[in-house]
2 protein chains.
Amino acid sequence: MISFSKQNGKLSVFYNQLKILEHSEICPLVTLKEGKESVDMYRGNYFIEDETLSTLSLGSYLLSESYSEGRGVSTLTFSAQGLAFSIELSEREGRLHLCFSSLPKPYNRLVLRLFATEDEYVWGCGEQFSHFNLRGKNFPLWTQEQGVGRNKQTEITQIADRLDRAGGDYHTTFYPQPTFVSSRRYFVHADTYGYANFDFSLPTCHQLEFWDVPATLTLSVKPSLLEVVQDISLLLGRQQILPPWVYDGIILGMQGGTSTCLKKLEVMQSSCVKVAGLWIQDWEGERYTSFGKRLRWNWQWDDELYPGLDTEIVRLKQQGVRVLGYINPYVLADHPLYEEALRLDLLGKRCDGSVYLVDFGEFDAAIVDFTKAEAVAWYKRVITDELIGFGLCGWMADFGEYLPTDVVLANQRPAMLEHNAWPGYWAKVNKDAIQESGKSDEILFFMRAGSQQSLASCQMMWAGDQNVDWSEDDGLPSVITSALSLAMSGMGLHHSDIGGYTTLYGMKRSKELLIRWAEQAAFTALMRTHEGNRPKDNWQFDSDQETIAAIKRMTDIHVYLKPYLMHLVAQNAQQGRPVIRPLFLHYEQERFFGVKDSYLLGRDLLVAPVLEEGSNSVVVTLPDDVWVHLFTKVEYQGGTHCIDAPLLCPAVFYRKESDFASLFASLQ
Amino acid sequence: MISFSKQNGKLSVFYNQLKILEHSEICPLVTLKEGKESVDMYRGNYFIEDETLSTLSLGSYLLSESYSEGRGVSTLTFSAQGLAFSIELSEREGRLHLCFSSLPKPYNRLVLRLFATEDEYVWGCGEQFSHFNLRGKNFPLWTQEQGVGRNKQTEITQIADRLDRAGGDYHTTFYPQPTFVSSRRYFVHADTYGYANFDFSLPTCHQLEFWDVPATLTLSVKPSLLEVVQDISLLLGRQQILPPWVYDGIILGMQGGTSTCLKKLEVMQSSCVKVAGLWIQDWEGERYTSFGKRLRWNWQWDDELYPGLDTEIVRLKQQGVRVLGYINPYVLADHPLYEEALRLDLLGKRCDGSVYLVDFGEFDAAIVDFTKAEAVAWYKRVITDELIGFGLCGWMADFGEYLPTDVVLANQRPAMLEHNAWPGYWAKVNKDAIQESGKSDEILFFMRAGSQQSLASCQMMWAGDQNVDWSEDDGLPSVITSALSLAMSGMGLHHSDIGGYTTLYGMKRSKELLIRWAEQAAFTALMRTHEGNRPKDNWQFDSDQETIAAIKRMTDIHVYLKPYLMHLVAQNAQQGRPVIRPLFLHYEQERFFGVKDSYLLGRDLLVAPVLEEGSNSVVVTLPDDVWVHLFTKVEYQGGTHCIDAPLLCPAVFYRKESDFASLFASLQ
């Protein structure tokens, strides 16, 4: 129900009794801007600036209401200086939809102010690594490299900025999404892929700036935050269930050739580690750059580096060990797939008609143009023939966030508007290729880049490239923040590289970090390790016997939880209840609104990982319920507790009233 | 794509290249009839006859095609003797929709003939117990008691007819659905609840007779039968996942008071039987009739028969044993809930305004009028307060199929049109009450009566009241036929009373039957026993130590399969792949089109239960694949095999290539 009230020159708009918009001459709902952007990109790091040439606040308004075909539409028309902009409000399927007129010339940015209260919290906007509660900050929504360090105060970030322009910032992310949830129990989703700024720093409004007018802005009000979250994925799409084998062990990231990989597997299996898969990202070959080891982006089995892998892959599968590979949406210049795509005219171009080559750091690759149906069909065939046909049971579907803004695409749309859509296109290519091959129940792919389309099209997110450190913005703690942000955006499946990835500027992964990371990963839907970009600098899963034993222990726990994890993944698929949930989705109290160092794994497990180097305990606030420590079996009441957490005994609690209590209770 | 061809005076209609309709003057697509029905009902058994007063075949036709708003509509108008009837054909969401004009007076039956080929198979029409392939028979679609015996040739049916008018016939069912699947890879669904005859006995057409013109008739063509089935539930609704505790053991049906039930539980637990629940159908009290023991239909805890159950229910749940109860959509005359409903005016009426009391066999009960919003709200409150509030974690939601055709309902619609809808209303009351109480993940309800709405609203079907015998039409074999028919109607969750129910006319359940039935039930989503209507005449789960051991063994296997079963139930929820599947959904060959004595449990288990008394082997045709016997681990190739199946070693095979092969292989 949409209603309006006018008082003291202020117009207020309510949806289902909740105030959502407020307009006055002094603080108008709509401001138009004329901007001129400059976009600079260096290896996936974007530097976007906008020069404001003029601004127009639309102070006057006119409200008209009409009914036709049983449907009421209210139209608000705002105007100033003879220019008008109108918003149609209507209700459909229990949600409010705002449709907009086009912008009067010369304006090209729309600034909308949604009503906010000072005590409101905001979450979502896709995958956010630094902030969970978004209040108090502006969030540019633009898919790009997440950055190294991601905090201008830290030394690593400063070095990365200085040497490689790669430091990132609190908002840089592979996966932005123009969707947020408010503690006032509503969500807003803007149907646009244009660049946007969602500014939650103002006390009485949320200021949303769009460089492309959204097709619609949807708002949904529900009785609880859990229902709000469920409604996001009802609108945008729900994720599938995962292939059942993913719960049967850990997926070990390894490289370096057939015999190297088989030896690593043998070491782990001889220590009784349950291995569900070998993730071999260099199955297609390798190349070396100053960054470290890189992959040969030509998505065909390298039988020199991996002799006999075609038969090993079958043998391993019979043993219950899947082989996973790697692909991304680029083809390496002067290699066979590139040549084929060139011949078929399937690549993105420069305005002079030549192929657009992107610099990925000492090598160039071309963009498969997913706006062209033939290119989509071709790339699906590459996946079907080269990956699935070879026997891979999964892969990292890397990248998606680099689309240059000056590439010329087959559909003629400006790349500025396709840039944010690209990760979703890439997800859909993977999903459709798998589906069309009839292997949806068998194959796993995971992505770091995302868009609103990922909710329906991406099978599993991973948190991208964390530093191999403990930093809040880019280390172990950030994988929880990112999972929680995605959960609040309607994407309920998430995991991370165990141990992190980025190994630069003197960072080296420690044994302690690797084990703590594995402790956390055991309490997600999927465990997978990564060697990092400089494997030799990092502590690895097989670096010593104690580490192997630790990996075994955490994997055993993960596998033991299979029935519970399967239930959660099915719940996410069916009801849109994310697997990793903020505490407040079940305990809707303000004291939990900012919590990002502990989380609920489903309804019944509360996980408070050790996120500090050298620490052997955590301070955790348990909600009001009876909680049993998963390992010590000690019972705790709601309240704040300091819990011992030596290695391999993380602070994880189950709800005593859980339907799975007997499973948890029997964990040795 | 809809297309037409005209040749030799015949009009043919194609949808996506498949011929679906054919019309000629000699064999017209549409015939109108004027009928006068007589409906006689005795305790849920309906005797419906129709006197044909006149018939009009519409020989002439006119085809017109129009396009508006980007959508093409073709209209076929058939006429004769100055009367016309028209059908609009249009495509929406990849399906063909037929919309009909109203019938010209005095006609009140529409007979439609769909094109068919002689070699075509047909499945579905809801829950069919006698025939899986429906070709060659007429199927009246009318929800009612399934009958005792259900085969006019058998002695039991003849006795039941003679003594109680209760014998039933091959088509009598609790759950008819105007939906069928053809081996030509399409389904048809008619959006109507009126009485219908789906006659598949004619060589060149399927003749569908409707007593109420359907709102639409939907037809969908897909590349495979599996996709056809998935599309039914995409159209009509998908089932939820089940509460996770249902896989943790068997649900034991028991009665007779607190101490009796606790003693039975103790006996089973002391033999290490995994018990997930006690299903106590007389929790609300009992009454005795000549039929056997009956229940007191006043849905409140009977604290005389069940002293202390309010505290036991809590204690048992802590042990992992749920208590389940019973309810149906009637209230017993002269009892508190009846008095309350009467006062609030929530009951179905006679045309003189008095309450309509239904004879249920030596007692009367009134109908809660689900066409009245207040009655729905009240009954949901009864469920919430009396059942959920008391601590029940599930119940049988019995009946739904008895609505008398002369009851006067609040919505003023003729009961003839509401009769078939009633089971769906009843399902929705249960589902909504549970959902509104926030306990969807914890509570299980199961129903025997159904309608097309059950796909979206019923949590779990059970096969109703089988005889405690081996008969094809009403004994153990019929529970497989019924599960397969429902699967082909889009309903993928089904189980049965282990051991059957109906114990009349000298039938007594044997030990062998009980154990064989448990063997089959272990390979469904849910194991639940029933004592039967005359418990003392029947062999029970605790009748001797060998039986207890058998129940333990089959329950252990069922629990062991939990990850696989959870995966199947999630697949059903998400993709509409039924849990129990005909072989041909994965091996689409004619030789499997009639198979109803073996089935696939998901993609990877093939189950061929012993269905004959005294038999210790089965003959089973395995599809082309490598199959491993689940117990002996012997490998079999596709083809027909005679397999030993002594007690507790049923013929169950897993696909060697299964993703769950290691789970199956490790089963001891």
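Values computed for the structure shown
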read-out: Residues that are in contact with a strand residue (DSSP E or B) (Cβ under 9 Å, 6 or more places away or on another chain) and charged (D, E, K, R), drawn from segment B:561-587; value: B:Arg581
read-out: Residue within segment B:539-546 that is surrounded by fewer than 24 Cβ atoms within 10 Å (Cβ to Cβ), over 17 Å from the mean Cα position of the chain (by Cα) and closer than 21 Å to B:Arg322 by Cα present; value: yes
read-out: Qualifying residue in segment A:66-73 (condition: touching a residue at least 60 places away in the same chain (Cβ under 8 Å), crowded, with 17+ Cβ neighbours inside 10 Å and not in a loop (DSSP other than H, G, I, E, B)); value: no
read-out: Number of the exception - B:Ser79 against (1) more than 30 Å from B:Glu472 (Cα to Cα); (2) part of a loop (DSSP other than H, G, I, E, B); value: (2)
read-out: Any hit, segment A:412-431, residues being under 23 Å from A:Ile383 (Cα atoms) and within 14 Å of another protein chain (Cβ to nearest Cβ); value: yes
read-out: Given (1) of a type in the set (Phe, Trp, Tyr); (2) under 29 Å from the mean Cα position of the chain (by Cα); (3) closer than 24 Å to A:Tyr560 by Cβ; (4) within 14 Å of chain B (Cβ to nearest Cβ), number of the condition A:Phe664 does not satisfy; value: (2)
read-out: Within segment B:438-479, tally of residues that are more than 14 Å from chain A (Cβ to nearest Cβ), of a type outside the set (Phe, Trp, Tyr) and part of a loop (DSSP other than H, G, I, E, B); value: 19
read-out: Segment B:296-317 - residue that is of a type in the set (S, T, N, Q) and in contact with a helix residue (DSSP H, G or I) (Cβ under 6 Å, 6 or more places away or on another chain) and, of those, surrounded by the most Cβ atoms within 10 Å (Cβ to Cβ); value: B:Asn298
read-out: Any hit, segment B:619-637, residues being polar (S, T, N, Q) and within 30 Å of the chain's Cα centre (by Cα); value: yes
read-out: Residue ID - nearest to A:Leu444 (Cα to Cα), chosen from residues in segment B:629-661 that are in contact with an Asp or Glu (Cβ under 6 Å, 6 or more places away or on another chain) and away from chain A (no Cβ under 14 Å); value: B:Gly638
read-out: Positions within segment A:11-35 being assigned to a strand (DSSP E or B), more than 19 Å from A:Lys105 (Cβ to Cβ) and within 31 Å of the chain's Cα centre (by Cα), in sequence order; value: A:Tyr15, A:Leu18, A:Lys19, A:Ile20, A:Leu21
read-out: Residue count for segment A:577-594, restricted to those that are surrounded by fewer than 20 Cβ atoms within 10 Å (Cβ to Cβ) and free of Cβ contacts under 8 Å to residues at least 60 places away in the same chain; value: 4
read-out: Any hit, segment A:47-55, residues being touching a strand residue (DSSP E or B) at 6+ places or on another chain (Cβ under 7 Å) and over 30 Å from A:Asp161 (Cβ atoms); value: yes
read-out: Residue within segment A:278-285 that is touching a Lys or Arg at 6+ places or on another chain (Cβ under 7 Å), touching a residue at least 24 places away in the same chain (Cβ under 8 Å) and assigned by TED's automatic domain parsing to the domain that holds A:Phe360 present; value: yes
read-out: Checking A:Arg162 against (1) on the phi < 0 side of the Ramachandran plot; (2) of a type in the set (Lys, Arg); (3) touching a residue at least 12 places away in the same chain (Cβ under 8 Å), the condition it does not meet; value: (3)
read-out: Spans of helices (runs of 4 or more DSSP H) in segment A:498-612 with at least 2 residues out of contact with any Lys or Arg (no Cβ under 9 Å at 6 or more places or on another chain) and within 14 Å of another protein chain (Cβ to nearest Cβ); value: A:562-575
read-out: Conditions (1) free of Cβ contacts under 8 Å to residues at least 40 places away in the same chain; (2) within 21 Å of A:Arg528 (Cα to Cα); (3) not in a helix (DSSP H, G or I); number of the one not met by A:Glu266; value: (3)
read-out: Which numbered condition B:Tyr425 fails, given (1) in a strand (DSSP E or B); (2) farther than 24 Å from B:Ile280 by Cβ; value: (1)
read-out: Filtered residues of segment B:300-345 (kept if away from every other protein chain (no Cβ under 14 Å), without any contact (Cβ under 8 Å) to a residue 40 or more places away in the chain, out of contact with any strand residue (DSSP E or B) (no Cβ under 6 Å at 6 or more places or on another chain) and assigned to a loop (DSSP other than H, G, I, E, B)); value: B:Asp302, B:Asp303, B:Glu304, B:Asp334, B:His335, B:Asp345
read-out: Residue list for segment B:463-478, restricted to those being in contact with an Asp or Glu (Cβ under 9 Å, 6 or more places away or on another chain) and surrounded by fewer than 24 Cβ atoms within 10 Å (Cβ to Cβ); value: B:Asp465, B:Asp469, B:Trp470, B:Pro477
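The values are calculated or read from the model by the stated rules, or taken from the named source; none is laboratory data. In this text, all values refer to a predicted model and were calculated from it rather than measured experimentally. Please note: Cβ atoms are built from the backbone with ideal geometry, for glycine as well, and neighbour counts cover all protein chains shown.
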